[in-house]
Structure formats: structure tokens, C-alpha cells
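Have a look at the structure below, then the notes.
The values are calculated or read from the model by the stated rules, or taken from the named source; none is laboratory data. As the structure is a prediction and not an experimental result, all values here were calculated from the model. Don't worry about glycine lacking a Cβ; one is built from the backbone with ideal geometry, like all the others, and counts go over all protein chains shown. Keep in mind that these areas ignore ligands, DNA and RNA; they rest on the heavy atoms of the full protein, side chains included. Shrake-Rupley method; radii C 1.70, N 1.55, O 1.52, S 1.80 Å.
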Amino acid sequence: MTVNKPLKYLLFTFNFLFFVGGIIILTLSTHVRSNKADYQITDDLLLAVNLLIFVGAVTLIFGFLGCCGAFQESRCLLALFFLGLLSMFIMLLAVGVLGAVSRTTAAQELVQEHLKQLLPLSEQPKEVQDSFQSVELNGFCCGLFVGHLDWGNSTMVPDSCNCTDTFRNCTVLEDREIYSTPCMVYLMTWFDRVSETFVVTAITFAVVMILGIILSLVLFCQIMKKKLHI
């Protein structure tokens, strides 16, 4: 009995794409982890990011093992690949759960409590202020909860609060116009998008992993039957 060649090369192609996917996940999640201040990653989301880094690294390794196992028709490598996929499937379910939980009202309240500790913003380290000023520029907003007052007195309000888009809500502060919308609205919208991305990513890769588990199991069984008929 011979191994089904189309199945063999289908699994090889699948594992190659899986290998590339692992590189992408590892690269992106490591970038987010290294720049967590810029992405406003809280401790609640940091666990999911760390888990994605681990999943990306393991995906890369087992994608390579799967390619070798399929090409060489190795039962050992295919078995390792199968067990690795099963383990990562469970971990990705955990990522999906963490992403779903982080979108709840309770989690958002925890984020707000964390951000309240940054007030007044003018007393934070320079790197924190620079990071938040980038948020103000991107979100067309000023301050966190009550606008420019979150910076302290009016002399401490940075240029990032200056109203450069007349279609936005603006107010007059002494001799200049600044954004009147607090950045919490922008941050909560961004927070929801990040959480949704985690959930969608986890579900997508979970479906791909299920396909890989099935293909590897079928190929493993065919190799076993081939060995028995020799």
C-alpha cells in the first residue's frame, strides 16, 4: 500500500504555510510586547500577548517538523506535529477566552482604574508623556477623562492637544484651540479592536489547526498501513 501523494504534498504545503504563519505571529506579538506603552497594553492583555509569542514560536517549530514529517513520511515527526498542534489548539482557545474576557465591562473598568493612576499626566515620566501625546495626535483628543484638565494646569497642556482638525470637537484654552474630547473614548474603541483581533486570530488558527490535525492523523495512519504491508 502506498501513501496518498496528493495528501502528502497537501500536508507539506499546509505545514509550510503554518511555518510562515508562526513567523508572522511571533514577529507581530514580539513587536507589540516590546512597545506595550505605545499600544497601551495593560496587564490584563499582556498575558494574551505573551501567550501569542509562545504560540508563534511553537507554531514555527512544529510547522518545520510537519514539513519534514510529511516529506520524509516520518511517523515520529508526524506524531510530534500532531501532539504539538493539539497543545497549541488548547492554548489558542485560552487566548480566545482571554480576548473575550478583556472585552467585558469589568475588564474595561479595570483598564480605566489603571489609567487613573497616570493623573496628572504632566507628572509622569517623559516617555509616558510622549507615548500619550502620540495617542492624542492619533485620536484627535486631549487628556484622559476630563480633557486638558488631566494634564494639570493650562501651561502643561502639550501641543498634541492643539486642534488641527476643525471638523473635530474643539474648545478655546487661553489663546489657542484644543480638542475637547477626552482620549478615553478613543482608547476604549481601540481596546475593543485589539480584543476582537485576538479573538478572530485565535478562532482562525484554531480552524487551521483542526485541519492540520486531521491531515496529519490520516497521513500517519496511511504510513502505518504501508509499514504493515511491507
Candidate set from the stretch 154-183 (those that are open to solvent by 20 Å² or more (accessible area, probe 1.4 Å) and within 21 Å of Gln112 (Cα to Cα)); member that is farthest from the chain's Cα centre (by Cα): Ser180
Neighbours by Cβ (under 8 Å, 6+ apart or cross-chain): first from the stretch 136-153, closer than 15 Å to Gln117 by Cα and basic (Lys, Arg); second open to solvent by less than 10 Å² (accessible area, probe 1.4 Å) and part of a loop (DSSP other than H, G, I, E, B): none
Some residue of the stretch 122-131 being within 30 Å of Arg33 (Cβ to Cβ), in contact with a helix residue (DSSP H, G or I) (Cβ under 8 Å, 6 or more places away or on another chain) and open to solvent by less than 20 Å² (accessible area, probe 1.4 Å): no
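Any residue at all in the stretch 84-91 that's assigned to a helix (DSSP H, G or I), more than 11 Å from the chain's Cα centre (by Cα) and modelled with pLDDT under 75? Explain how you work it out, then say what you get.
Step one: filter the stretch 84-91 for residues assigned to a helix (DSSP H, G or I), giving 84-91.
Of the ones still in play, those that are also more than 11 Å from the chain's Cα centre (by Cα) are 84-91.
Still in the running and modelled with pLDDT under 75: 88, 91.
Yes, the stretch 84-91 has at least one match.
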